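Colleague: Take this structure first; my questions come after.
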Amino acid sequence: MIKKIILKGKVQGVGCRGYCARYAGKFAIRGSATNLRDGTVRLIIEAENELIVQKYISSLLSNPDGYMFYGNIKDMDVSDYLGKIDGDYNF
């Protein structure tokens, strides 16, 4: 299953893409992260099932492993995605 996630908050220039990649590795998710012009970050992720997607999202919001991230995610939009996984930061 492939999802598009738009991260909102202080998410550019603060290590967000690397932070998202670290949690993706923990859950065996592949994907990409791209800084968008409006100050958000777009993630395109491929996960085995919805439970893994939910665990990933929960981890991004709560940072249970204490990964380095200098910003904050205040909100996110999650939707199904039918395109290919592409972006400027692949994981």
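Colleague: Within the group 82, 51, which residue is of a type in the set (A, V, I, L, M), in a loop (DSSP other than H, G, I, E, B), open to solvent by 40 Å² or more (accessible area, probe 1.4 Å) and on the phi < 0 side of the Ramachandran plot? Quick ask: steps written out before the conclusion?
Modeller: Values: 51 fails: in a loop (DSSP other than H, G, I, E, B).
Answer to the selection: 82.
Colleague: Quickly run through region 54-79 and pick out the residues that are over 12 Å from residue 5 (Cβ atoms), open to solvent by 50 Å² or more (accessible area, probe 1.4 Å) and not hydrophobic (A, V, I, L, M, F, W, C).
Modeller: Listed by number, the residues that qualify are 55, 58, 62, 64, 65, 66, 70, 72, 74.
Colleague: Right, another one. Taking interchain pairs and intrachain pairs at least six residues apart, which have beta carbon atoms under 9 angstrom, with the first residue in region 1-20 and closer than 12 Å to residue 39 by Cα and the second of a type in the set (Asp, Glu) and assigned to a strand (DSSP E or B)?
Modeller: Cβ pairs passing all conditions: 6/75; 6/77; 7/75; 7/77; 8/75; 8/77; 9/75.
Colleague: Let me ask another. Take the residues of region 67-91 that are modelled with pLDDT under 95 and small (Gly, Ala, Ser): which is nearest to residue 43 (Cα to Cα)?
Modeller: Among those that are modelled with pLDDT under 95 and small (Gly, Ala, Ser), it is 87.
Colleague: If the requirement is being open to solvent by 60 Å² or more (accessible area, probe 1.4 Å), charged (D, E, K, R) and not in a helix (DSSP H, G or I), which of these qualifies: 17, 37, 22, 42?
Modeller: Sole residue among the options that is open to solvent by 60 Å² or more (accessible area, probe 1.4 Å), charged (D, E, K, R) and not in a helix (DSSP H, G or I): 37.
The values are calculated or read from the model by the stated rules, or taken from the named source; none is laboratory data. Predicted, not measured: the structure shown is a model, and the values here were computed from it. Heads up, the Cβs are rebuilt from the backbone with ideal geometry, glycines too, and the neighbour counts pull from every protein chain shown. Ligands, DNA and RNA are stripped out before the accessible areas are found, and what is left, the full protein with its side chains, is counted by its heavy atoms. Shrake-Rupley method; radii C 1.70, N 1.55, O 1.52, S 1.80 Å.
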